[in-house]
Amino acid sequence: MNSRSLLGCWAVTLAVLVLLAPAARAGSLLVVNMTADPSQGDILQYDLATGAPLGSGPLVAAGTGGLNAPAGLALGPDGNLYVANGFDSSVLEFDAQGNPLGAFVPSGAGGLQGPASLVFGPDGNLYVASLSTSSVLEYNGMTGSFIQALVPGGAGGLVDPGGVVFHDGDLYIASRGTGEILRYDASTGQFLGSFVSAGAGGVSQPSGLAFGPDGNLYVASQGSDSILSFDGHTGAFLGTFVAGGTGGLSSPADLLFEPNGDLLVASGSGEVLSYGSDGGFLGTLVPAGSGGLNLPISLLASVPEPGSLTLSLIGLAGTIVARLRRSQVRADAVRERRRPRDAFPTAARAKGDIEDRRGDRPRRDRPRRTCRRLLILHGKAAAHPVAARVDAEPPLGICADGDDPDRPRKKMLIGFRTLRRIDSAERPWVGPASARSAPPGP
């Protein structure tokens, strides 16, 4: 396959990547929806790019698989959805289509009471904030069996845990009861101190937590109706990222950074609001009432890995190009076998007796057959039995249509015909002027 064909194949591949990759990155937004009757709480699904409801109803309707008063959700390493079920203090498991798979963490396992937020840690295990016991419990990420209370009840002054997030080997917990953000060692659960002290920057009743693309910590402060930012290394207050009332923001319960860096906030106004990387209001992604939305309390983005689709498409393109290349090689081999070959021995070529001049063409008595390569024979090569049957004095010009003159004897007849066609006419042509110079010595 020539370079132009390969370029065409890769151009098509890149066009497919451009067309398909943005759609794959869009993904979906999952929202825990609280209703006036907690038992009717459900999980809704929206297009992450447009905010349009997906499907004909909730992804997980109230009562499905025992769903009752959901409080938080997490996406597992297996792609399934895990939901903190407030009614019976359990964690329910659903597949990507919302079909129930059973109770992953049975009711009350490990002392779980009032599960709030939950997250899968770097080790693959599940961590659940137990509201009534002011603790964070650890469960096996494969089986759901209880492992330990990573943060025992009240450790470090924890009261009414809200958002839980892992970052750089540490665990950060929003202590709603004390208005702090506490930090613990992610492996041992050892208390490392108050990362954001009570009331810092006006924080009040902190709920959702998220580390932004800039590495800083963003806190949904329900008591002050705002989103606050803190230095991701020191916890120092950096400023109010979104002030209360901006875009209709009130009593934010959770926040989520999109892959493009924009911030989504579950607002007490019954909407999901969108803000830019500078905190500017971009619009309402999901309006109140859309798809049955009443009060969003937890957000989760289900976004396919961009690198996965890209690598898959590149791999597919590489496979196609490789197959086309192999097909071209086979076709070239077939054509090569059918081409006329020179019938002159390797020894003559090795000794320099055959001079290869690509691109030369006879200027007079041009044969009807076009030569792709002109061989000028000198010395011993001109005395080859095939060449000897042609009435011409050396140096002798012949037309070599093959790339390899060293072929079996059965090709000699073809070579002979080629010689006759060029040199056995009444006016034999013996090459250009440069070829009629004295031949080298024997």
If you go through the range 158-190, how many residues are farther than 19 Å from Thr234 by Cβ and among the aliphatic types (A, V, I, L, M)? 3
Please specify each residue of the range 185-195 satisfying the condition of being outside any strand (DSSP E or B) and not hydrophobic (A, V, I, L, M, F, W, C). Ser187, Thr188, Gly189, Gln190
Condition broken by Ala62, with the remaining ones in (1) among the hydrophobic types (A, V, I, L, M, F, W, C); (2) in a loop (DSSP other than H, G, I, E, B); (3) buried (at least 23 other Cβ atoms within 10 Å of the Cβ) satisfied: (3)
Quick one: Ala198 ticks every box in (1) surrounded by 20 or more Cβ atoms within 10 Å (Cβ to Cβ); (2) hydrophobic (A, V, I, L, M, F, W, C); (3) in a loop (DSSP other than H, G, I, E, B) except a single one, so which number is it? (1)
When residues of the range 26-53 are filtered for being hydroxyl-bearing (Ser, Thr, Tyr) and touching a Gly at 6+ places or on another chain (Cβ under 6 Å), how many remain? 1
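Yes/no matrix, rows are residues, columns are (1) touching a Cys at 6+ places or on another chain (Cβ under 9 Å); (2) crowded, with 18+ Cβ neighbours inside 10 Å; (3) not hydroxyl-bearing (Ser, Thr, Tyr):
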residue: Ala74; (1), (2), (3): no, yes, yes
residue: Ala84; (1), (2), (3): no, yes, yes
residue: Gln97; (1), (2), (3): no, no, yes
residue: Val105; (1), (2), (3): no, yes, yes
residue: Gly111; (1), (2), (3): no, no, yes
residue: Pro122; (1), (2), (3): no, no, yes
residue: Tyr127; (1), (2), (3): no, yes, no
Please verify whether the range 138-157 includes one or more residues that are of a type in the set (S, T, N, Q), under 27 Å from Ser251 (Cβ atoms) and not in a strand (DSSP E or B). no
Over the range 221-238, the set of residues farther than 20 Å from Tyr184 by Cα and under 32 Å from the mean Cα position of the chain (by Cα) is Ile227, Leu228
I'd like to check something: does the range 64-78 contain any residue that is without any contact (Cβ under 8 Å) to a residue 24 or more places away in the chain and in contact with a Phe, Trp or Tyr (Cβ under 7 Å, 6 or more places away or on another chain)? no
Residue among Ser134, Ser117 that alone is surrounded by 20 or more Cβ atoms within 10 Å (Cβ to Cβ), touching a helix residue (DSSP H, G or I) at 6+ places or on another chain (Cβ under 9 Å) and not charged (D, E, K, R): Ser134
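Rundown of residues vs (1) of a type outside the set (A, V, I, L, M, F, W, C); (2) within 23 Å of Pro296 (Cα to Cα), yes/no style:
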| position | (1), (2) |
| --- | --- |
| Asp160 | yes, yes |
| Val165 | no, yes |
| Leu171 | no, no |
| Leu182 | no, no |
| Phe191 | no, no |
| Val203 | no, yes |
| His233 | yes, no |
| Leu238 | no, no |
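Taken together, the values in this text are just the output of simple stated rules run on the coordinates, not laboratory data. This one's a predicted model, so the numbers in the text were calculated from it and none came from an experiment. No Cβ is skipped: glycine too gets one built from the backbone with ideal geometry, and neighbour counts run over all protein chains shown.
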